[in-house]
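Structure first, commentary second.
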Amino acid sequence: MDVFEKVQKTKPDVDGVDSHLDSARARLMSEIAAGKTSVSARPAAPKRLVAGVLVGAALAATAGVLVITGLTEQPKPVIEAVPTREPGQTLKPSPTPAPTQEPMTAAGAFGAAATAARSFTGLTLAPGQYLRVHTQSEQIVYHQPDPNGGQYQADRSNAQNAWRGSSSWNSYAPADPTQQWFFATDQPWTVSDTFGPDAAALAQAHKEAMASGGDPYFSNGPSAPWATPDGYGLVAFFSAMPTDPAALIAWIRENQGIVAGDQDYKVGWVLIELLSYNMGSGAERATMYDALSMLSGSEIVSADATSATLRFSASTEALSGQPAVQRRSITIDTTTGLVTETTAVLDVASSLIPASLADERHVFTVSVVDSLP
């Protein structure tokens, strides 16, 4: 069966990763719950029929004259010059115009992903095999000096220092995903960039305070966004999801609660989060993609023959009070329906952080293995 998980929320508790990704998940679900939204007729054909009749009549009359004249006088032969081809000249046919390709739409990209997910069988596991998901994670940690307001209750609009770190880990989902999953750290949390006068010292202190053993461990797998009758597990969640895309959208809205405004982006964020696990059967993933294709507000960031990056955006307010736009993106392998990358960024003016850097970025690589390490 097809299973695949994104361990953004169930990664090993090592070197601060739990704190970083738990806060990222909390921010996502908080944003989803908050609901701040600003947010010819064809020209007539030339009248050539009458002219054609007149020309035809004239030709007929001319032909009549020629026939009558021919009774008494032989016409002089007419010699017609035929253009000749220069020696060595190659005759080339007129080129056929290439068909115009319609630009890809967001709905079309999600639809292509649904078709691929429905038919892809490359992740079917035999008994004893595991689906290994390698996750490479990058995150920016923001810091502001007021301890009463929470030093890490900051974003790029009000932070005075920040640092970007990365970590990676592997998760192993068994052929029966209701059984124990295995998680192991690949690369512990490592700071790669610092921003601000005190960022280097703060980043080191933060790493030491958040460090843990990072030993491999077993768990019951990822948790769901909310409980279902069979519990909080993601496998149970997928089993409880409606199989009709429109019904799935309604089900997500119902469980998110009543909020004002256009909430399509909220549903989109939930579906992106779920799909990034790459879990569930091909039919379940296809239903989620079909649901995404029905939502307004998505846009294509980039696309080619094998992949597409799309995003949902929503107007919000930064912690500084400035207007901002929260953007969450998903990159899909449109030949398999698997998610290869997700990002999240608060689009707001900042003199500290380059606009090209995402607040969070996760890259996923999938393979099938015969045993645990």
(message) Taking a ≥ b ≥ c as the square roots of the Cα gyration tensor eigenvalues, with a/c under 1.5 meaning rounded and otherwise prolate when a/b beats b/c, else oblate, which class fits the range 241-373?
(response) oblate
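First obtain the Kirkwood hydrodynamic radius of the range 216-306 from its Cα pairs, then insert it into the Stokes-Einstein equation at 10 °C and 1.306 mPa s, and state the resulting D in µm² per second as a whole number.
Values: Rh = 14.3 Å.
In µm²/s, the coefficient rounds to 111.
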(message) Using Cβ counts within 10 Å as a stand-in for footprinting exposure, how do Thr185, Thr115 rank, fewest first?
(response) Thr115, Thr185
(message) Could you tell me which residue out of Gly282, Ala236, Val270 lies farthest along the dipole of the range 227-330 toward its positive end? Charges go on the beta carbon: Lys and Arg +1, Asp and Glu -1, centred on the Cα centre.
(response) Val270
(request) Throw me the Rg/Rh for the range 174-266, computed over C-alpha atoms with Kirkwood Rh, two decimals. (result) 1.14
(request) Pop the C-beta distance of Asp244 and Ser371 into the FRET formula with R0 = 35 Å and round what comes out to the nearest 0.05. (result) 0.35
(message) Just to confirm a number: summing +1 for Lys and Arg and -1 for Asp and Glu over residues other than Gln136 whose beta-carbon lies under 10 angstrom from that of Gln136, what do you get?
(response) -2
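Hey, could you get me the Stokes-Einstein D for the range 107-228, Kirkwood radius over alpha-carbon pairs, 4 °C and 1.567 mPa s, rounded to whole µm² s⁻¹?
For the chosen part, D equals 72 µm²/s.
Readers should treat all values here as calculations from the given coordinates under stated rules, not as data from a laboratory. Please read these numbers as outputs of a predicted model, since none were measured by experiment. Note: ideal-geometry Cβ built from the backbone for every residue, glycine included; neighbour counts use all protein chains shown.
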